[in-house]
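Peer 1: Got a structure here, written out as structure tokens. Questions coming.
The numbers here are math on the coordinates, done by the rules we state, and not lab data. The model shown is predicted, which means the values in this text are computed figures rather than measured ones. Heads up, the Cβs are rebuilt from the backbone with ideal geometry, glycines too, and the neighbour counts pull from every protein chain shown.
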Amino acid sequence: MEDITKSFPGVKALSEAQLKVRGGTVHALMGENGAGKSTLMKCLFGIYRRDAGRILFDGEEIEFSSAKDALEHGVAMVHQELNQALKLSVMDNMFLGRFPTVHKYIPLTSEKKLYRATKEIFDGLGIDIDPRRKMEELSVSKRQMIEIAKAVSYNARIIVFDEPTSSLTEEEAEKLFAIIRMLKERGCGIIYISHKMDEILRISDEITVMRDGRYITTARADAITMDEIIRLMVGRTLSERYPEKDSTQGGELLRVEELTAERSRLRDISFSVREGEILGVAGLDGAGRTELLESIFGLRRIDSGKIYLGGEEIKNQSPAEAKANGFALVSEERRADGIFPILSILENTVISSLKKFNTGPLLSHKKMKKATLDSIERLRIKAPSEATKIENLSGGNQQKVIIGRWLLTNPTVMMLDEPTRGIDVGAKYEIYKLIIEFAKEKKGIIMVSSEMGELLGICDRIMVISGGRVSGILDGGEATQEKIMELAAKYV
């Protein structure tokens, strides 16, 4: 890809960007959120039409007119934001747009062929998922593995992985790395986008760094350090990955007693959160971490158990009631249930606190704009203006808008489900600072994360969930990755 330029209204997303990928290698593409990585890949994949520059594939200039065109010519992409038909089966999703037919002259879909073809792909990749299951019944990580299998099934010569491990367990991530090694041996070129430095240095052959839509440099992975990559990405040295935290805590703020939810596998969950405390929640995929937050927030039915806030029992029977009681939830899947993609940053920011902006029977646009601009400045959101549609922002900047939305509601308890998923190292640091600042206001934070490092880096205590039960609660000082993993496997 040579001199690729792409502009959107009010912003130049790419300016003479470059990328050269060799067959049989893993080429990491790195940069902060908004650096232009995903835009560059969408230009390659035919989703966006570039304004200038050219793309050469095997020495010949190409321009794909659509994603379907790219797939048919050997270029596949696993997107960070899953966009699947959740009401359909796994095998339907695997073969959408290319269903196997009963006979080449009979345009009827063969269910048997569909099942057999999906099972054959899964068996070859070591994926244990029933092809007949509905997509909506599966966890985010399993749906991510299906998307990876789908890309591999096209026998593509170039495969783009955009944050593929952001919702995978460690075991599933290892399975992905084995798939990538297999693809390398076939001579496939892999473009790998991730903010996880350790895995980048582990699996990559070459690394290209972008900043502010521009090409910065390309280096061999074995000739560059993590600190150098961070400096090139953010344009400065980032001395620490986690901010210092003030662990001063007050009395008990939140108490959950024997919470049980049959449909969510949760059994007798009991824990407390003190004023100013950051409680981390760890566990394996399917352990019940997300279900716990959703049950407390009124998104799932609780069969038994009690919730106390400030010593008084409360009933969060719906999200609206939970919000009124001072709870906020930043969900794991921002694309599915976090953002309103066709609305602006302003509308996405103020939508949970509209009463604040009432002026008589009308809403004050002036007040909403000021609140949104304050949020953009405080969270360092990269956007042309508050009127920009949120779907045009990078994933990390979308996440910042969602956090800003909930901060406007002034919650007492902030619940965060994978808050830094798909976010670059610089933006992560800023979000950690926001979480710590929120705790300093004597509020309570419950944070689910699959990244052990951040749980150990910013949490005061870590509660481990295993098989829908609390298997242990560790103080920050005594917690280690080994102890967390041991507790995570206790009831499996």
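Peer 1: Over all alpha-carbon pairs of the stretch 2-234, lay out the pair-distance distribution in 5 Å bins, whole %, shortest bin first.
Peer 2: Pairs per bin, as whole percents: 1, 6, 14, 17, 19, 16, 12, 8, 5, 2, 1, 0.
Peer 1: Here's something else I'd like to know. Within the stretch 305-322, list the residues whose amide N lies under 14 Å from a label point set 7 Å along Cα→Cβ of Ser270.
Peer 2: Once the point is set 7 Å along Cα→Cβ of Ser270, 305-308 turn out to lie under 14 Å by backbone N, inside the stretch 305-322.
Peer 1: Also, I was wondering about something else. Based on the Kirkwood radius over alpha-carbon pairs, what is the Stokes-Einstein translational diffusion coefficient of the stretch 1-115 at 25 °C with 0.890 mPa s viscosity, in µm²/s?
Peer 2: Working: Rh = 16.6 Å.
For the chosen part, D equals 147 µm²/s.
Peer 1: Run through all the Cα pairs of the stretch 404-467 and give the fraction in each 5 Å bin from 0, expressed as whole percent.
Peer 2: Percent of Cα pairs in each bin: 4, 15, 29, 27, 16, 7, 2.
Peer 1: Follow-up question, since we're still on this one. Give me the distance in nm between label points sitting 7 Å out from Cα along the Cα-to-Cβ direction at His365 and Ala324, one decimal.
Peer 2: Distance between label points: 3.1 nm.
Peer 1: Please report, in whole Å, how far the alpha carbons of the stretch 243-321 spread along each principal axis, starting with the longest.
Peer 2: The principal-axis extents, from largest down, are 39, 32, 23 Å.
Peer 1: Continuing with this model, one more query. Please report the Cα spread of the stretch 140-232 along all three principal axes, rounded to whole Å, starting with the longest.
Peer 2: Its Cα atoms span 35, 27, 25 Å along the three principal axes.
Peer 1: Next question. Determine one quarter of the surface area of the Cα convex hull of the chain, which equals its mean projected area, and express it in nm² to one decimal.
Peer 2: 24.9
Peer 1: If you place +1 on the Cβ of every Lys and Arg, -1 on the Cβ of every Asp and Glu, and leave all else neutral, what size is the dipole of the chain about its Cα centre, to the nearest 20 Debye?
Peer 2: Here the size comes out at about 1360 debye.
Peer 1: Using +1 on the beta carbon of Lys and Arg, -1 on that of Asp and Glu, and nothing else charged, what's the dipole of the stretch 252-488 about the Cα centre, debye to 20?
Peer 2: So the dipole magnitude of the stretch 252-488 works out to roughly 1060 debye.
Peer 1: Now, a different point. Round to the nearest 0.05 the FRET efficiency obtained for Glu60 and Arg98 when R0 = 25 Å and r is the Cβ-Cβ distance.
Peer 2: 0.50
Peer 1: Which whole-number percent gives the relative contact order of the chain, counting Cα pairs below 8 Å spaced six or more residues apart?
Peer 2: Relative contact order, the chain: 17 percent.
Peer 1: Right, next: Structure shown: which of Lys323/Lys443; Lys150/Lys184; Lys112/Lys150; Lys42/Lys68; Lys367/Lys443; Lys366/Lys389 lie over 20 Å apart, alpha-carbon to alpha-carbon?
Peer 2: Lys367/Lys443
Peer 1: Let me ask another. Which whole number of Å³ per residue matches the convex hull of the alpha-carbon atoms in the stretch 133-182? Walk me through the numbers before you get to the answer.
Peer 2: Numbers: hull volume 4.2 nm³, N = 50.
In the stretch 133-182, the Cα hull volume divided by residue count equals 84 Å³.
Peer 1: Something else: Can you work out the PRE-style zone for Arg300? Point 7 Å along Cα to Cβ, and I want the residues of the stretch 421-458 with backbone N under 15 Å.
Peer 2: Only 448-449 pass the distance filter.
Peer 1: Here's another thing I want to ask about it. List the extent of the Cα atoms of the stretch 252-488 along each of their three principal axes, largest first, rounded to whole Å.
Peer 2: Result, largest extent first: 50, 38, 31 Å.
Peer 1: What FRET efficiency, computed as 1/(1 + (r/R0)^6) with R0 = 60 Å and r the Cβ-Cβ distance, is obtained for Thr5 and Ser110, rounded to the nearest 0.05?
Peer 2: With a Förster radius of 60 Å, E is 0.85.
Peer 1: So for the chain, taking the charge dipole from beta-carbon charges (+1 Lys/Arg, -1 Asp/Glu), which of Leu14, Ala488, Asn316 sits furthest toward the positive end?
Peer 2: Going by the Cα projections, it comes out as Leu14.
Peer 1: Could you please tell me the mean projected area of the C-alpha convex hull for the stretch 57-98, averaged over all directions and given in square nanometres to one decimal?
Peer 2: Computed as one quarter of the Cα hull surface, the answer is 3.9 nm².
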